[in-house]
1. Which residue is surrounded by the fewest Cβ atoms within 10 Å (Cβ to Cβ), if the candidates are limited to the stretch 1-25 and must be over 15 Å from A40 (Cβ atoms) and β-branched (V, I, T)?
2. Could you count how many residues in the stretch 26-40 are under 20 Å from Q5 (Cα atoms) and open to solvent by less than 70 Å² (accessible area, probe 1.4 Å)?
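The values are calculated or read from the model by the stated rules, or taken from the named source; none is laboratory data. What you see is a predicted model, and the numbers here were worked out from it, not measured in a lab. Cβ placement follows ideal geometry from the backbone for every residue including glycine, while neighbour counts extend to all protein chains displayed. Accessible surface is based on the protein model in full, side chains and every heavy atom, while ligands, DNA and RNA are left aside. Shrake-Rupley method; radii C 1.70, N 1.55, O 1.52, S 1.80 Å.
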Amino acid sequence: MKTEQIRDYTALVLRRSEIVLCSGKSWKPEYADELMEIDAELEKYRR
């Protein structure tokens, strides 16, 4: 993995963890769509 890819992967994982930690009262419906997009991007890196 190149440095830029590691940076992008790490940013995606960080954002995903921030969204997951918002579960409960601070959850917003649009987070579900963002989680799906992040998961799709992360899947590309796992191949």
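1. This residue is T3.
2. Residues that pass the stated criteria total 5.
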